[in-house]
Amino acid sequence: MNYIRTKDGVYKFKSENICKKDNELFEIQEFFEPIHHINYKLLGQIQKQADTIEELCDRFIFINKKYQEERNRYIVYTRLFEKKNLPKYIQNGTEIYGAIFTDKGLIYVAKMNENGDLKLI
């Protein structure tokens, strides 16, 4: 599994500063002052694990840049999208975000690049 979702976010598991023990995810924090020591910050209980970010997102948000300057922004919330239609959206100036629901509301966790791949933000 490459990505792990907790209650408050999505994390790349294979990164250097993330580790898990049992059903909990931790961030490794290394400090050098006053002495060298390592802390483990609890990020939360693991809710779901997946190979792709898309599998962990609750919603995908499409924001059309053409209408962004106007008072009414053109925003579409959707649960799923088809990858075959992505080039049409990207060429049309649409930004695509992956988001999850948390206690704080809807949080953007990933942004799609021009190649059609979601990257964590």
- Query: If the limit is 23 Å between Cα atoms, which of Lys21/Lys111; Lys14/Lys48; Lys48/Lys111; Lys21/Lys119 go over it?
  - Reply: Lys21/Lys111; Lys21/Lys119
- Taking R0 as 35 Å and r as the Cβ-Cβ distance between Lys119 and His37, the FRET efficiency 1/(1 + (r/R0)^6), rounded to the nearest 0.05, comes to 0.65
- Query: Over all distinct alpha-carbon pairs, what is the Kirkwood Rh of the stretch 3-50 in angstrom?
  - Reply: 11.3 Å
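No lab work stands behind these numbers, since they all come straight from the coordinates. These numbers were taken from a predicted model, which means no experiment stands behind them. Ideal geometry is used to build each Cβ from the backbone, glycine not excepted, and the neighbour counts take in all protein chains shown.
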